[in-house]
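Single-structure report; data block below.
The values are calculated or read from the model by the stated rules, or taken from the named source; none is laboratory data. The shown structure was predicted, so the numbers you read here are calculated from the model rather than taken from an experiment. Glycine gets a Cβ as well: all are built from the backbone with ideal geometry, and neighbour counts include every protein chain shown. Just so you know, the surface numbers come from the protein's heavy atoms only, side chains and all, with ligands and any DNA or RNA stripped out. Shrake-Rupley method; radii C 1.70, N 1.55, O 1.52, S 1.80 Å.
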Amino acid sequence: MLSIYNTLTGKNEPFESLVPKIVRMYACGVTVYDYCHIGHARSALVFDVIRRYLEFTGYQVEFVKNFTDVDDKIIKRANERGVSCDAITAEFIEAYYQDMGRLGIRRATIEPKATEHMAEIIELVQTLIQKGLAYEVAGDVYFQVEKYQPYGSLSKRKLEDLQAGARVEVDERKRHPMDFALWKSSKQGEPSWESPWGPGRPGWHIECSAMSIKHLGETFDIHGGGMDLIFPHHENEIAQSCGATGKEFVRYWIHNGFVQVNQEKMSKSLGNFFAIREIFEKSRWPEAETGEMLRYFLLGTHYRSPLDFSDHSLLEAKNALNGFYDLFTRLKESEDRGTGDKELMPAIERCKVAFREAMDDDFNTSVAIAELQRLKSDVNKLLSQGLSTEARRIAREEFRSLGNCLGLFQLDKWQFSQVPVGQTADLSPASPIIMRQKVMMIDQVEEADTPQPMLSAAKPKSEFSDTQVQLKVDERNEARKQKDFKKADEIRRFLSSHGIVIEDKPDGTSRWKR
RNA sequence: GGCGCCGUACCCAAGUGGUUAAGGGAGCAGUCUGCAAAACUGCGAUGCAGCGGUUCGACCCCGCUCGGCGCCUCCA
């Protein structure tokens, strides 16, 4: 039985969907005005995994993830560049798909945009005004927090406490300092839509209420996002939605922890973030492998805990994955004793049960991965006893199937280097995966940071083609056959210096990897 | 000022009021190997920031202290 930690109640609760066999979930997406960083990746990944696991356990999942495509930051960016807001949002939605695609994050069932839901938004605002929960001031509409009694229940805050800590100057036109905008009248040159209050655009929070209600209904199962959205975003969503419908809005609120750098939250304002694309571009490994390394790293920690991003953690993820893919490689090789066969299924069963138990416990991916490690170890032992072709196929399939919940183990071949065909090898120095401590987004001014190579321990990238390597390997095995071990070792050393590792098999042939 | 989180071995990281405190990475030793690599085996916290308290018993509950962080403003 799946249980989920609910931010609203602060407790683990058994999960029961509103409609049997169907889960309706909504995740707050991104404001599309810049490239995504790993923090965005974590959030997207957490909900991707939740969705995958729910499907794995037999639910049909209706998953909505929005794009915020009308916003101050978008307008600002468009003005800076002298282009339309549409051009900005189109560019960064495209970039979003590219970045998230490289991480193996599946698209949601529905990915609505705020600009395409103006009618629903306006209608919702009207309802709130009619119900006396919102008021208009000169073309702006505000939600009146004092009129919504449970306000603060998600973030566990009292209105008085919020006021006391308010760091922002108060708009005198508001009836209460914490009242927030549902509709903003537009200034010159800003995108605007006709409304009963004149031309304007929606406030940030209202779009999610409008879109989630439209696509998932007035009450749905799961809603989530990063922890920083708890207040004010989700608090306000609850006020708007429950205020308008009079019904329960969301049954389980899920919030993921932050990605940090050097123990600090990674954020735009601190300038200490890593853009997803920069990591891919600077990675010495191929895209698919890099994506899997990132996933493994991000899922190695429970989703509600903070986790520190560094080259070192990425390298650890890679080393851990090596173990799995080394096994998968051996599972593909022929060798047909079936001595260990009868013990395989019990081992797999044990793993399946433990894996589900872990995931059922508030999506404990960390433990789930540990269980896969245990199975890896079990299968390794059985393999040395001998597994039949069929048994090896079953074992590989099991890793693929359980791994699919986490988006891991789907690659056929795990390799560490791209192979530019026809290039000659030279001993170019290792290029670090991440060149700079800080990655500048396009709106950041370059700072004179000392470049800090972060992956110095990695091996140099190989520049041989597969065929070139195979020729060398064949040559070495010929030498071994002749007992010319001096030559054989020379070849091994040569390839090793180019990041290629040879593993001799008992039958006199060798496998190699980069 | 208000609300809240975290501190587990060299590193990452689970976890439970009471069997030997998961798992991974790195390291060391051994088996295997022509040599390696991989795999396998063994080694590694008598202790879970510190100090008190509750309890028959706490790393897990409570309090205090130290250290780190987050939200209260756009933020995944």
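See the values below:
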| item | result |
| --- | --- |
| Acute angle (nearest 10 degrees) that the helix A:466-481 long axis makes with the longest principal axis of chain A, alpha-carbon atoms | 30 |
| Packing-based ranking, highest mean first, of A:397-406, A:342-351 given that Cβ atoms within 10 Å are counted | A:397-406, A:342-351 |
| Using a Förster distance of 51 Å, the FRET efficiency for A:GLU397-A:GLN149 (Cβ separation, nearest 0.05) | 0.40 |
| Two-decimal Rg/Rh across region A:3-259, once Rg and the Kirkwood Rh are taken from alpha-carbon atoms | 0.95 |
| Entries in A:LYS318/A:LYS352; A:LYS11/A:LYS318; A:LYS265/A:LYS318; A:LYS318/A:LYS483 that, when Cα-Cα distance is taken, lie over 28 Å | A:LYS11/A:LYS318; A:LYS318/A:LYS483 |
| Rg and Dmax of region A:1-139, Cα atoms only, in Å | 18.1, 54 |
| Rounded FRET efficiency, nearest 0.05, which uses the C-beta distance separating A:GLU503 from A:ILE22 and R0 of 60 Å | 0.80 |
| Fraction of beta bridges assigned by DSSP in chain A that are antiparallel (%, nearest 5) | 50 |
| Stretchable slack from A:GLU490 to A:LYS352, in nm (0.36 nm times residue separation minus alpha-carbon distance) | 45.1 nm |
| Cα centroid of region A:83-130 to Cα centroid of region A:175-238, whole Å | 13 |
| Cα convex hull of region A:209-300, projected area averaged across orientations, nm² | 8.1 |
| By average C-beta atoms within 10 angstrom, highest first, the peptides A:196-205, A:264-273, A:387-396 | A:196-205, A:387-396, A:264-273 |
| A:ARG277-A:GLN188 pseudo-label distance in nm [points 7 Å out on the Cα-to-Cβ vector] | 3.3 |
| Inter-site label distance for A:LYS76 and A:THR57 at 7 Å from Cα along Cβ, in nm | 4.1 |
| Cα-Cα separations in chain A greater than 30 Å, expressed as whole percent | 57 |
| A:ASP86 accessible area, assembled protein chains, probe 1.4 Å, Å² | 110 |
| Label-point separation, A:ASP412 to A:LYS158 (7 Å along Cα→Cβ), nm | 6.4 |
| Across A:LYS73/A:LYS268; A:LYS65/A:LYS147; A:LYS413/A:LYS486; A:LYS184/A:LYS247, pairs whose alpha-carbon gap is larger than 20 Å | A:LYS65/A:LYS147; A:LYS413/A:LYS486; A:LYS184/A:LYS247 |
| Surface accessible to a 1.4 Å probe, A:GLU357 within the full protein complex, Å² | 130 |
| Cβ crowding within 10 Å averaged over residues, with A:123-130, A:143-150, A:14-21 ranked highest first | A:123-130, A:143-150, A:14-21 |
| Between region A:260-314 and region A:329-388, the alpha-carbon center distance in angstrom | 28 |
| Net length gained if the chain between A:ASN322 and A:SER465 were fully extended (0.36 nm per residue, minus Cα distance) | 49.4 nm |
| Full-extension gain in nm, A:GLN482 to A:ASN364, via 0.36 nm per residue minus C-alpha separation | 37.1 nm |
| Cβ-Cβ FRET estimate between A:LYS332 and A:ARG374, R0 fixed at 22 Å, reported to 0.05 | 0.55 |
| Chain A, accessible surface, carbon-and-sulfur percent (1.4 angstrom probe) | 51 |
